[in-house]
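Accompanying notes for the structure given below.
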Amino acid sequence: MRLRPMTAIYITCGEKILLLYRIGSRVVGNSYTGSAGGHIESEEYRDPRACMLRELQEETGLTEDALDGLKLRYITMRRKDGEVRQNYYYFAELKDGAAVHDSNEGRLEWHDMSALDDLPMPVTARHVVEHYLAVGRYDDQLYGGLTTAEGPVFAAMTDF
């Protein structure tokens, strides 16, 4: 079984969240994902944050300086198509005055956080966004998640 490690970042601005509609992606199909993200390169394997920052700049034109509260919030795993898909999900707030550029990966769009139910999203991404909106945005935890056929299982990851 192969491992497919990936990153994504979700950027918020008040009650809106920036999503990227990816067209023709071989992994997520035509669906909404984080505003930027992608596969971890071999030199980034021990540093998913480096991958996320690279993808952020490539796909939105933003750098870390344009964000407040940038933090890894979810690490998830899902078995699909003979792979274990491991995702590192980051969240941040867009600073006032920061501008998002057009993406070469699809359409970047701001959406009301209360109106995401009908948007096509990859299964794990949907579970992460739903958990974040219901629980994660009100705390400072790092969550581990396992996506199963019956639904997601999330647990706060603490040092012990």
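The values are calculated or read from the model by the stated rules, or taken from the named source; none is laboratory data. Remember, predicted model here, so these are calculated numbers, not experimental data. Glycine also receives a Cβ, built like all others from the backbone with ideal geometry; neighbour counts cover every protein chain displayed.
Tabulated data
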{"read-out": "Residue count, the range 122-160 (criterion: within 17 Å of Thr12 (Cα to Cα), touching a Ser or Thr at 6+ places or on another chain (Cβ under 7 Å) and among the β-branched types (Val, Ile, Thr))", "value": "1"}
{"read-out": "Strands (runs of 3 or more DSSP E) within the range 1-71 that include 2 or more residues hydrophobic (A, V, I, L, M, F, W, C) and under 12 Å from the mean Cα position of the chain (by Cα)", "value": "2-13, 16-25"}
{"read-out": "Hits in the range 81-116 (condition: within 18 Å of Gly136 (Cβ to Cβ) and either out of contact with any strand residue (DSSP E or B) (no Cβ under 7 Å at 6 or more places or on another chain) or exposed (fewer than 13 other Cβ atoms within 10 Å of the Cβ) (or both))", "value": "Asp112, Ser114, Leu116"}
{"read-out": "Tabulated pairs, the range 148-160, first under 13 Å from Met77 (Cβ atoms), second in a loop (DSSP other than H, G, I, E, B), C-beta under 6 angstrom, 6+ apart or interchain", "value": "Met157/Leu142"}
{"read-out": "Close pairs from the range 75-100: first at positive phi, partner among the aliphatic types (A, V, I, L, M) and surrounded by fewer than 17 Cβ atoms within 10 Å (Cβ to Cβ), Cβ under 7 Å, at least 6 apart", "value": "Gly82/Met1"}
{"read-out": "Residues of the range 117-139 classified as assigned to a loop (DSSP other than H, G, I, E, B) and either within 21 Å of Lys80 (Cα to Cα) or at pLDDT below 95 (or both), total", "value": "6"}
{"read-out": "Top-ranked residue of the range 117-139 - restricted to ones that are among the hydroxyl-bearing types (Ser, Thr, Tyr) and in contact with a strand residue (DSSP E or B) (Cβ under 9 Å, 6 or more places away or on another chain), ranked as nearest to Tyr32 (Cα to Cα)", "value": "Thr124"}
{"read-out": "Subset of the range 140-160 (residues that are closer than 22 Å to Glu83 by Cβ and either among the hydroxyl-bearing types (Ser, Thr, Tyr) or at pLDDT 95 or above (or both))", "value": "Tyr143, Gly144, Gly145, Leu146, Thr147, Thr148, Val153, Phe154"}
